[in-house]
Amino acid sequence: MELYFLGTGAGIPSLQRNVSSLAIRFMQRGSKQWLFDCGEATQHQILQTPISLSKIDKIFISHLHGDHIFGLPGIIGSRSFQGAESKLTIYGPKGLQSFVETALKTSSTYLKYPIEFVEVTQSGPLFNEKGITVEVLELEHVMPCYAYKVVEDDKPGELLVEKLKALNIAPGPSYQKIKRGESITLDDGRIINGQDFVGMPQKGRSLVIAGDTKPVDNMVEFSKGVDLLVHEATFLQDKSKHAKSYGHSTALEAAHLAAQASVKMLILTHISSRYVGVDDKIIKETHSAFENTIVAHDLMHYIV
């Protein structure tokens, strides 16, 4: 999974950070691409990445504040203008469909493809598609807001080819049966138990992308052990009361969450425009609670 941070700022765009948007490209799945939130100018940011509008087939919206949705009508229209005809599915809170349809109708935007809207109303499983499961957790903001967890199924272990060759078992159709864990009988009468020649299963990759929120206890279990947690860090700790009043988290609070959930990596985003050129200060504050932390910047590329 490749992540492209298209916008890492909070509230309004600045010269350093555009407003919220993040794209994921699944390289082992035909470059399938998903978009998480879509602040204004997201499509302009996409032009500077390998992300293609025609390959985005799912968009996930955390909540309906403008810095997370104002770029959506433009993305939808441009996707059609570029010739896309495949269905686009958009997930998000109640009111999202009305916002999109009103914008498209008012601007007389014609689409060559269908849109399916899936209203997100509560925590729980969202879907499982070809080995990828998506779950939702309701957060605590000033309006309904959600976190999305993406988990790949575990992959079968690799075939231990050298171990087979050491027994003079040549490559051929039998290798496929062995890899499936089946027992086979060789021409010389030997019986081979496939399970003895397959490595341990490879755990699927996992990540959580959280929308705007105060610290939420349920996020600990929801994020438990994931490879990556992408979490807002709108303020530093000296503004914790301010953060609480507006339904946000501080960088340190996000770090405490990451430590409690034993995640492998934390990436902080949704940074207030008041914090220009102080990434080192943000990192210093978070490292007191969780060392594996990165402060995202626009157009940052990260591989899970």
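Do we find a residue being within 21 Å of the chain's Cα centre (by Cα) and in the same structural domain as PHE26 (by TED's automatic domain parsing) anywhere in the range 241-249? It would help to see each step written out before you state the result.
We begin by selecting, within the range 241-249, every residue within 21 Å of the chain's Cα centre (by Cα); these are 248-249.
Filter once more, keeping what is in the same structural domain as PHE26 (by TED's automatic domain parsing): 248-249.
Yes, the range 241-249 contains a residue that is within 21 Å of the chain's Cα centre (by Cα) and in the same structural domain as PHE26 (by TED's automatic domain parsing).
Against the condition buried (at least 20 other Cβ atoms within 10 Å of the Cβ), among the β-branched types (Val, Ile, Thr) and touching a Cys at 6+ places or on another chain (Cβ under 9 Å), how does ILE59 come out, does it pass?
Numbers: buried (at least 20 other Cβ atoms within 10 Å of the Cβ): yes; among the β-branched types (Val, Ile, Thr): yes; touching a Cys at 6+ places or on another chain (Cβ under 9 Å): yes.
The answer is yes for ILE59.
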Within the group GLN45, GLN16, GLN28, which residue is assigned to a loop (DSSP other than H, G, I, E, B) and not aliphatic (A, V, I, L, M)? GLN16
Sole residue being touching a residue at least 24 places away in the same chain (Cβ under 8 Å), over 19 Å from the mean Cα position of the chain (by Cα) and either exposed (fewer than 13 other Cβ atoms within 10 Å of the Cβ) or outside the structural domain of ILE24 (by TED's automatic domain parsing) (or both), chosen from LYS112, LYS130: LYS112
Please verify whether the range 152-163 includes one or more residues that are surrounded by 12 or more Cβ atoms within 10 Å (Cβ to Cβ) and in a helix (DSSP H, G or I). yes
Scanning the range 215-252 for residues that are among the charged types (D, E, K, R) and in contact with a Leu (Cβ under 8 Å, 6 or more places away or on another chain), the one surrounded by the fewest Cβ atoms within 10 Å (Cβ to Cβ) turns out to be ASP227
Could you tell me how many of the residues in the range 80-109 are surrounded by 17 or more Cβ atoms within 10 Å (Cβ to Cβ) and either over 25 Å from the mean Cα position of the chain (by Cα) or among the basic types (Lys, Arg) (or both)? 2
Residues of the range 126-146 satisfying the condition of being within 15 Å of SER249 (Cβ to Cβ) and either assigned to a loop (DSSP other than H, G, I, E, B) or among the β-branched types (Val, Ile, Thr) (or both): LEU139, GLU140, HIS141, VAL142, CYS145
Flagged pairs (Cβ under 6 angstrom, 6 or more apart or on separate chains; first in the range 205-225, in contact (Cβ under 8 Å) with a residue 24 or more places away in the chain; second of a type in the set (S, T, N, Q)) are VAL208/SER223; GLY211/SER62; PRO215/SER249; VAL220/GLN260; GLY225/SER262
Pairs under 6 Å by beta carbon, first residue touching a residue at least 40 places away in the same chain (Cβ under 8 Å) in the range 7-31, partner among the polar types (S, T, N, Q) and not in a loop (DSSP other than H, G, I, E, B), six or more apart or different chains? GLY7/SER21; THR8/THR269; ASN18/GLN45; SER21/THR42
If we keep just the residues of the range 255-304 that are under 26 Å from GLU2 (Cβ atoms) and aromatic (Phe, Trp, Tyr), which is surrounded by the fewest Cβ atoms within 10 Å (Cβ to Cβ)? TYR302
So, in the range 176-211, exactly how many residues are crowded, with 17+ Cβ neighbours inside 10 Å and either among the hydroxyl-bearing types (Ser, Thr, Tyr) or at pLDDT below 85 (or both)? 1
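The values are calculated or read from the model by the stated rules, or taken from the named source; none is laboratory data. Fair warning: this is a prediction, and the values are worked out from it, not measured in the lab. So basically every Cβ, Gly included, is an ideal-geometry build from the backbone, and we count neighbours across all protein chains shown.
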